[in-house]
């Protein structure tokens, strides 16, 4: 017989108390598309599951002070269907659209994808590129954390035992801003990234980049935010020289592993190629030239 | 640990059941409620054989705990036909021979129902991407897609 307990608290306070008071392993449940697989395989044996989906505000999308706030447990499919997010953050939307299957997207959440802390998580490079802020709640109250400070190693996060993410704040979008995400896999659907790349840019009226964030997935123990690569884009149009420098910076940031999906050399090379392609899509979208899907 | 009490609407009927905390919704459907149409292929969300519609969204019942069903509305393959009358999707799967062993078929039909509820006029590409999470070892998918597109046309009133 299992001693697994389950609770579906209806307030942040109750959820935090349950997590803080647990003597064994307590896991936060959102969509469960990673957690249930890990439990079933025996990799994780939690004593308590705290299902956060009944907490007010944790599911849903709203606009606040000109930016979007996405509830941490909102299913990917709900984000994908949101017209405002498709317009302002097409890269984040297309990243979610690449996670697993239609069935998985019906359950999976941004918080789960981030806190599962896989280096190959599809929505995470897009979240990093977006400059999203995670609103973290715990016994000591509420704190706002840049998303890139949440994952610390494969399967590990900076969250304390009694903490979980309530929602994500996306920054206000200046004019001529957009983003894109591409993932390379050896097939068309239902695979894990060999490399993923998310880029968000803002352009001025002349098409010169004034702000950029560049992120790579599956090339290091955690998803990476590439300050060097972003600095290369700022102050430039997407000319051949800038693209070459971006490619080199992306490759230089890679610290990948060899595995069945790709060698170190292959992943490094693909990271540079994807950075070029994603930058081109993000620049085009920011300039209003294209709003189509990248994949 | 005491069993969990769960109340949900399943195929239009109010249903109450007790389950262990760690039991998946798929285990509950098959072993507790006796609805064995949903199949377990992989148990890890890869194959789609356990597909159900949960509060209007297509999900894998193996990636959901039975206790999470409390207060929800669920459609399984058993809820697709109208009494003895096959749903057009089921009819077209038969007519196009879109199955051989049939293990994936309940999942494919439920997934197709969810697709056509959301998008009554999908392109073939949209249908193929939507169904990418439903694996079939027999058909090679082509007959499945023909059945889906034909069923969509019937449901739109454009074919018989």
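The values are calculated or read from the model by the stated rules, or taken from the named source; none is laboratory data. Just so we're clear, the structure is a prediction, and the values are computed from it rather than from any experiment. Neighbour counts are summed over all protein chains in view; Cβ atoms, including those assigned to glycine, are modelled from backbone coordinates with ideal geometry.
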Quick one: in the stretch B:54-70, which of the residues that are within 9 Å of chain A (Cβ to nearest Cβ) and farther than 24 Å from residue B:131 by Cβ is surrounded by the most Cβ atoms within 10 Å (Cβ to Cβ)? B:65
Say whether the condition of being outside the structural domain of residue B:14 (by TED's automatic domain parsing), closer than 30 Å to residue A:29 by Cβ, modelled with pLDDT of 95 or more and not in a loop (DSSP other than H, G, I, E, B) is met by at least one residue in the stretch B:35-53. no
Taking interchain pairs and intrachain pairs at least six residues apart, which have beta carbon atoms under 7 angstrom, with the first residue in the stretch B:38-52 and within 17 Å of residue A:32 (Cα to Cα) and the second part of a strand (DSSP E or B)? B:45/B:60; B:48/B:60; B:50/B:60; B:51/B:58; B:51/B:60; B:52/B:59; B:52/B:74; B:52/B:75
For the stretch B:78-91, indicate whether the set of residues that are under 21 Å from residue A:101 (Cα atoms) and more than 13 Å from chain A (Cβ to nearest Cβ) is non-empty. yes
Among the residues of the stretch B:24-42, which ones are in contact with a strand residue (DSSP E or B) (Cβ under 7 Å, 6 or more places away or on another chain) and farther than 18 Å from residue A:103 by Cβ? B:32, B:33
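Against the condition within 14 Å of chain B (Cβ to nearest Cβ), out of contact with any helix residue (DSSP H, G or I) (no Cβ under 6 Å at 6 or more places or on another chain), part of a loop (DSSP other than H, G, I, E, B) and in contact (Cβ under 8 Å) with a residue 60 or more places away in the chain, how does residue A:73 come out, does it pass?
no
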Select, from A:210, A:237, the only residue that is part of a strand (DSSP E or B) and surrounded by fewer than 18 Cβ atoms within 10 Å (Cβ to Cβ). A:210
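Residue-wise test of (1) more than 23 Å from residue B:38 (Cβ to Cβ); (2) within 12 Å of chain A (Cβ to nearest Cβ); (3) part of a loop (DSSP other than H, G, I, E, B); (4) in contact (Cβ under 8 Å) with a residue 24 or more places away in the chain.
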site	(1), (2), (3), (4)
B:126	yes, yes, no, no
B:130	no, yes, no, no
B:147	no, no, no, yes
B:151	no, no, no, yes
Which numbered condition residue A:155 misses (of (1) in contact with a helix residue (DSSP H, G or I) (Cβ under 8 Å, 6 or more places away or on another chain); (2) closer than 22 Å to residue B:45 by Cβ): (1)
Condition broken by residue A:101, with the remaining ones in (1) closer than 25 Å to residue B:134 by Cβ; (2) away from every other protein chain (no Cβ under 14 Å) satisfied: (2)
State which residue is nearest to the chain's Cα centre (by Cα) when the search covers only the stretch B:44-53 and only residues that are crowded, with 24+ Cβ neighbours inside 10 Å and facing chain A (nearest Cβ under 7 Å). B:51
Hey, can you tell me all the residues within the stretch A:137-165 that are part of a strand (DSSP E or B), within 15 Å of the chain's Cα centre (by Cα) and surrounded by 22 or more Cβ atoms within 10 Å (Cβ to Cβ)? A:151, A:165
Among the candidates B:105, B:123, B:112, B:139, residue that is buried (at least 19 other Cβ atoms within 10 Å of the Cβ), out of contact with any helix residue (DSSP H, G or I) (no Cβ under 8 Å at 6 or more places or on another chain) and at negative phi: B:139
Check residue A:8 against each of (1) modelled with pLDDT under 95; (2) within 14 Å of chain B (Cβ to nearest Cβ) and name the one condition it does not meet. (1)
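Specify which of the listed residues (A:17, A:45, A:53, A:27) is closer than 18 Å to residue A:163 by Cβ, modelled with pLDDT of 95 or more and out of contact with any strand residue (DSSP E or B) (no Cβ under 9 Å at 6 or more places or on another chain). Outline the logic, then answer.
Details: A:45 fails: closer than 18 Å to residue A:163 by Cβ; A:53 fails: out of contact with any strand residue (DSSP E or B) (no Cβ under 9 Å at 6 or more places or on another chain); A:27 fails: out of contact with any strand residue (DSSP E or B) (no Cβ under 9 Å at 6 or more places or on another chain).
Only one candidate passes the filter, namely A:17.
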Taking the stretch A:14-41 and keeping only residues that are more than 19 Å from residue A:107 (Cα to Cα), within 26 Å of the chain's Cα centre (by Cα) and without any contact (Cβ under 8 Å) to a residue 24 or more places away in the chain, one is left with A:25, A:41
In the stretch A:38-54, which residue that is surrounded by fewer than 19 Cβ atoms within 10 Å (Cβ to Cβ) and farther than 15 Å from residue A:73 by Cβ is nearest to the other protein chains (Cβ to nearest Cβ)? A:40
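Can you pull out every residue in the stretch A:58-70 that is part of a loop (DSSP other than H, G, I, E, B) and modelled with pLDDT of 95 or more?
A:58, A:59, A:60
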How many residues are in a strand (DSSP E or B) and over 20 Å from the mean Cα position of the chain (by Cα) when one looks only at the stretch A:166-207? 1
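With A:241, A:259, A:247 as the choices, which residue is out of contact with any strand residue (DSSP E or B) (no Cβ under 6 Å at 6 or more places or on another chain) and modelled with pLDDT under 95?
Residue meeting the stated conditions: A:259.
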